[in-house]
Structures are given as C-alpha cells and as structure tokens.
Amino acid sequence: MKPMAEERPTTDFTALLPDAFVRRMRALLGPEAEELFRALHRWPARGIRFNTLKVPRGEIGHRAQRLPFGLTPVPWCPEGFVVPPGVRPGLHPYHALGVYYIQDPSAMLPVVLLDPRPGERVLDLAAAPGGKSTHIAARLERQGLLVANDAKRERAHVLVQNLTLFGAPNVLVTVEQPRRLARRWPERFDAVLVDAPCSGEGLFRREPEARAYWSEGRILREQKLQLELLEAAARLVRPGGRIVYSTCTFAPEEDEEVVARFLEAHPEFALAPPSFAERERLGLRGSEAFPPLSPEDAVRLWPHRVEGDGHFVARFTKLGKEGFAGEDGWAGRTPTFRKTADAKGDLRARRRAAELFQNFLAEVGADAWETLRTAPSERLYLRGEEMFLLPDLWSDAETFLRDVAGMRVLLPGLFLGRVRRDRFLPEHALAAALPQNLLGRVRAIRVDEGKLVRYFRGEEIALEGEKDGYALLSYEDFPAGWVRLRSGTGKNLFPKSLRRDLSAAHDAFPPEG
C-alpha cells in the first residue's frame, strides 16, 4: 500500500527535522532516508476502524459504501480503511455513534498481531486514549475480559469515554502503576499489549510537538521505561500466553534493542514473529527488523512504504506449562475483604436497585437482552448511586471487591445507570452496549440526521405522538442514546462530556471527482 497523502509545500525535506534525527536515519537507512524525510512532509494518513461490536464483519463493506467519502482497505486490518486527504471523519454521525474509531492505519497492526480471542483475559497495559483497547474489546466479541490500564487518571477518563462509545461491556479500566498490577495479578492474562511510550519519531508529521520534544537523551529515558513495562508484562501473562510490544518510533534503541535486552533477561520467553504466510496475508513485505534482531523477528512500518505513520511491533510467547496462577480467586493472594457492619443494608440496597433496574428494562423492552435479564443480582455492583454489571469473570460483588481491594478501578464493568431517590436513571453506556439484533425489540424511536445532530448537541427533541417515559433514539440501525419523554418532548440524556456539533458535516466531506 503505497502512500497517497498529499505533500506540504517545501523544498528542503529535512528543514523542520532535528539535525541529530536526520543523521541517525541516514546512518540507519542509507539513501532511502531521503524517501522517509519526504514522507514526513506529507499530510498524515488518516484511517477509520469499524466497530465489529456494532457492525458484523460481513456488513462492513455495506456500511463503508454508505459513507460520503471513498475508502481504501488497510491490508493488515480487515476492519480498517484509509480515508482520503481533506476528509474529517469525526464529523460523520457514525463516529459519534461508535460505529467506527479514527485511528492511524499503522496503529491497527499491534492488536491484529496480539490476536485477542473471545473468552480470553487481555490486558492493555498503557491504554489511553483507547484506540487499541477499543480494537481489543471488539475482537473479544463481548466475551472474556479486557483490563485497560493507564497510570494517569486524566488520561484514563478519556479511555473510559472511548470504550463507552464503543459499547464494550466486559471491561475494567484501572489507574495503576504496571509494577503494582504485576504484584497483584501475576500470570492472570492470556495476552498483554505493551504499547509503550516512546520518543515518537513516527509521529513527526502528525504531531509537530513531537519534533520539539525529541532528543537523543529522551530515547534512552524512554528505553528505561519500556523495559520496566515489559518486566511487568512478563509477570502478568500466563505460561503459554503472549505479549505484543509496540512503539511509534524508528529508534533501534527503543525497538530492537529493547526486545533483545528483554529476551536476554527472560529465557522463559521466545519471539513469535509473523510467519512468511502471515506477512504475505497482511501485506507486510518490506517491514523487516534491524540488528541485533534478525530481519524476520519483528515488524517495522515506515511512512514512505505504507499508508500510515511509523510503527514497530514484536510478539513474544511465554514458555512453560500452560495455565493461570493461583486457585483462590482470580487474583490469587489478595487482602481479605471484610463485610462492613451494614452489609445487610448493602444487600437490601442492591436488591432494590436490581428491582428498579429490571422494571426499567421492562419499560423500554430491553428485557429481551438475555445478558441483562438473567444477570444475577450478585453481579450488580453499587458504588454509591452508580450501578454496574460486573464482567462475568466474577460471580458476585464480594469476590470482585476482594480481587481489586486497594486498587484504583475507574470503570468496574458496564455502567448501567444511577439509583437516585428510588428511581433508576440509565447511563449512555447501557444504550451503546445494546446488541444490534435487539434494537427492533426495544422501545426505539428512529430519528433522521437533523434530529440526531440536535441530540448530539444536547438539545431537547420534539417527538410528537410518543408516550411518556424512557425511550432509545436510534439512527439507521444504531442506538444513539436515551431520552425521557414528556408531552411529546424528549429530554436529552446524552452525556455532556460526549456532546459535539456535527452541523458542519456536509462541509467536511468534499465531493469526489
């Protein structure tokens, strides 16, 4: 897939690049470095990745054809596409509906090579803002568990927003240092993604500030952090499990050297690079690694060779007898969870909350969703007035609280709603997670694009002739969010943090030709 992005006007392709970076790339690539410098002055490629929780794989082509702009497939990601230069896909309703995620095409490769499978336990160790976590969640198909972690709380909030829009129900979002996760949850995951912070050389054309912050000293500082992340991942993944390590930089010190040093320190791991057939299938020819690795040991994506930014990806397998550590609960040894003195009151509150929730499901017809209708009240977790459905890895809230005692859990599963003044108030996450095949069985009011734009802006919606109560707004075949109807007017329940103005959408998609 050769780059098609338009070039910015310039004559000297190295003028805006750090001198030391230019020297390093010429030493690494030889004459080919000039092609890289030219590519770094093209406008960056933009991609979208369809959400297979909302769009089955067999329908992606149909949905792609409905968009007002052309798409070019990403060879290594069947749900990924490159959008034409000048298009602003964030202004299309599909983005606000969680139908697709905007992502650099190269950044889609790490999760493809991680290959999350339904029912697995997967950890995204440095997850914000959530591009790769949403990809993992979609590949899990609502089965198993995704733990999406970020050490910075403000970044983790963005992560929660993106996972909410995507409709992922089986997710924990944690705000922890990786080494602490490793102490608490050793060998608990089938797969761990380490999308490591790096010097960001692959982002030079997309983020000008990356050029300003770059230095050779930063490369070595990032290398230290990258090795620490891999050390944590080594403890977190089970024998027989896999780790994918990725960066968005070209520096061998952060790529091949990190991999080599990790393998030297961990003989229990082996590289598991894509086979020749896998490389051919994914269109990864010309993506070889540099010493100290063999060319076929890892994958490098270069912006002058592919339509996307720079990326490095290596895959490891943990050797040994397959299986998870510990038998006494998911997390093995954890601090003892002691029931509080008002445990009976908590139980009564949870049962009442479960009753209110089931009444709401019946009101809107969502009791057809078997996952919710049959979920035992023990898996309903109340955090103050907030109500969550825990991932089915935990049979009850007490076990969950024991396994996460002392940890910072920002999102403990599917955020159903709030229980306030003996009423259940639904959250957007509940609407976004509704399976597509149930949309015709709930109380859903189909709206046109004009009303959808007003809804996403936070305005009240005129819905004459509709009976009072809660209802779901839908656009095409996708849930948009909740309204509460009264006298023909729908009170807007779309979260303020997600509101946006799509009124300029028609200007964002220039006619083709």
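Restricting attention to the stretch 199-244, the residues that are outside any helix (DSSP H, G or I), within 17 Å of D309 (Cβ to Cβ) and touching a residue at least 60 places away in the same chain (Cβ under 8 Å) total 4. Of L125, L227, all but one fail to be of a type in the set (A, V, I, L, M) and in contact with a strand residue (DSSP E or B) (Cβ under 8 Å, 6 or more places away or on another chain); the exception is L125. Inspect the stretch 234-251 for any residue being more than 26 Å from G30 (Cβ to Cβ) and touching a His at 6+ places or on another chain (Cβ under 7 Å) and give the result as yes or no. Within the stretch 234-251 (the criterion being more than 26 Å from G30 (Cβ to Cβ) and touching a His at 6+ places or on another chain (Cβ under 7 Å)), the answer is yes, since at least one residue qualifies.
Return the residue satisfying two criteria in turn: it lies in the stretch 467-480 and is in a strand (DSSP E or B) and not aliphatic (A, V, I, L, M), and of such residues it is farthest from the chain's Cα centre (by Cα). Steps first, answer last, please.
Applying the first criterion (in a strand (DSSP E or B)) to the stretch 467-480 yields 469-475, 478-480.
Still in the running and not aliphatic (A, V, I, L, M): 469-470, 474-475, 478-479.
Values: G469: 33, Y470: 30, S474: 23, Y475: 23, F478: 19, P479: 20 Å.
Selected residue: G469.
Within the stretch 156-179, residues that are more than 21 Å from L393 (Cα to Cα) have Cβ atoms under 7 Å from residues that are of a type in the set (A, V, I, L, M) and in a loop (DSSP other than H, G, I, E, B) in these pairs: A156/A128; A156/V175; V158/A128; L159/A127; L159/A128; Q177/A151; P178/L125, counting only partners at least 6 apart in sequence or on another chain.
The listed residues are R351, R338, and the only one of them that is at pLDDT 75 or above and within 25 Å of V409 (Cα to Cα) turns out to be R351.
For the stretch 1-113, list the helices (runs of 4 or more DSSP H) that sit wholly inside it and hold at least 1 residues that are over 17 Å from the mean Cα position of the chain (by Cα) and among the charged types (D, E, K, R); which are they?
Fully inside the stretch 1-113 and qualifying: 19-29, 33-39, 60-66.
Would you call P118 surrounded by fewer than 24 Cβ atoms within 10 Å (Cβ to Cβ) and out of contact with any strand residue (DSSP E or B) (no Cβ under 8 Å at 6 or more places or on another chain)? Here the answer is yes, as P118 does meet what is asked. Looking only at residues in the stretch 369-402 that are of a type in the set (G, A, S) and crowded, with 17+ Cβ neighbours inside 10 Å, the one that is modelled with the highest pLDDT is A397. Look at the stretch 139-168 and say how many of its residues are more than 23 Å from A405 (Cβ to Cβ) and surrounded by 24 or more Cβ atoms within 10 Å (Cβ to Cβ). Qualifying residue count for the region: 5. Filtered by the rule that a residue be of a type outside the set (A, V, I, L, M) and in contact (Cβ under 8 Å) with a residue 24 or more places away in the chain, the stretch 428-442 gives H428, P435, Q436, R441. Of A272, A289, all but one fail to be surrounded by 15 or more Cβ atoms within 10 Å (Cβ to Cβ), in contact with a strand residue (DSSP E or B) (Cβ under 7 Å, 6 or more places away or on another chain) and free of Cβ contacts under 8 Å to residues at least 40 places away in the same chain; the exception is A289. Note on the stretch 392-442: residues that are within 23 Å of A349 (Cβ to Cβ) and either in contact with a Cys (Cβ under 8 Å, 6 or more places away or on another chain) or not in a loop (DSSP other than H, G, I, E, B) (or both) amount to 24.
Just wondering, is there one or more residues in the stretch 387-403 that are without any contact (Cβ under 8 Å) to a residue 24 or more places away in the chain, in contact with a strand residue (DSSP E or B) (Cβ under 6 Å, 6 or more places away or on another chain) and not assigned by TED's automatic domain parsing to the domain that holds L159? Checked against the condition, which is being without any contact (Cβ under 8 Å) to a residue 24 or more places away in the chain, in contact with a strand residue (DSSP E or B) (Cβ under 6 Å, 6 or more places away or on another chain) and not assigned by TED's automatic domain parsing to the domain that holds L159, the stretch 387-403 yields at least one hit. Just one residue in the set R57, R121, R117 is in contact with a Pro (Cβ under 8 Å, 6 or more places away or on another chain) and charged (D, E, K, R); that residue is R57.
Condition test on S294, is it buried (at least 19 other Cβ atoms within 10 Å of the Cβ), among the hydroxyl-bearing types (S, T, Y) and farther than 23 Å from A148 by Cβ? When the stated conditions are applied, S294 does not pass them. The sole residue among E464, E459 that is of a type outside the set (V, I, T), modelled with pLDDT under 95 and part of a loop (DSSP other than H, G, I, E, B) is E464.
The values are calculated or read from the model by the stated rules, or taken from the named source; none is laboratory data. Model, not experiment: these values are computed from the prediction. Positions of Cβ are backbone-derived with ideal geometry, glycine not excepted, and every protein chain shown enters the neighbour counts.
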